[in-house]
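The values are calculated or read from the model by the stated rules, or taken from the named source; none is laboratory data. Values in this document were obtained by computation on a predicted structure and should not be read as measured data. Glycine also receives a Cβ, built like all others from the backbone with ideal geometry; neighbour counts cover every protein chain displayed. Heads up: the accessible areas ignore ligands, DNA and RNA and are worked out on the full protein's heavy atoms, side chains in. Shrake-Rupley method; radii C 1.70, N 1.55, O 1.52, S 1.80 Å.
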Amino acid sequence: MDKDVLTKGVFFALQEPRHVANPYPLFRTLRSEARFYWDFVLGGWFLTGYDDVRAALADPRLTTTSSPFDVSQLPSDLQRGLAPFGRVMERVVLYTGATDHERLRRPLNRAFHPASFERLR
């Protein structure tokens, strides 16, 4: 397994310049090793297969109402550096309550509808 994933978690491993430049080898490795990974920094699961992601998104038992972004186990200087990211995570549509989630998702559904992409093409 890629040592970055084991020591830093999937989120930070994906931020490595070599993975930003070409994430596909890491994706292949992750998929070949396991179907899902717990990321201790984000406090969430990374699913590696399409069918698993699709099933998770359709499962009403899998919800969240607050951002799981937790940097408390990291050194204080890194915590301070990540504070702006934490403020962004608090506003991510995925982590909002049902009412706000619906309100924020409606325009996104229109923007990411296949017809919208066809118009852009």
Legend entry - Matching entry among S66, S76 (being exposed (fewer than 13 other Cβ atoms within 10 Å of the Cβ) and either in contact with a helix residue (DSSP H, G or I) (Cβ under 8 Å, 6 or more places away or on another chain) or at pLDDT below 85 (or both)): S66
Legend entry - Test: residue in the range 85-108 that is surrounded by fewer than 10 Cβ atoms within 10 Å (Cβ to Cβ) and touching a Phe, Trp or Tyr at 6+ places or on another chain (Cβ under 9 Å): no
Legend entry - Scan of the range 34-45 for residues that are within 20 Å of E90 (Cβ to Cβ) and open to solvent by less than 60 Å² (accessible area, probe 1.4 Å), ordered by number: D39, V41, L42, G43, G44
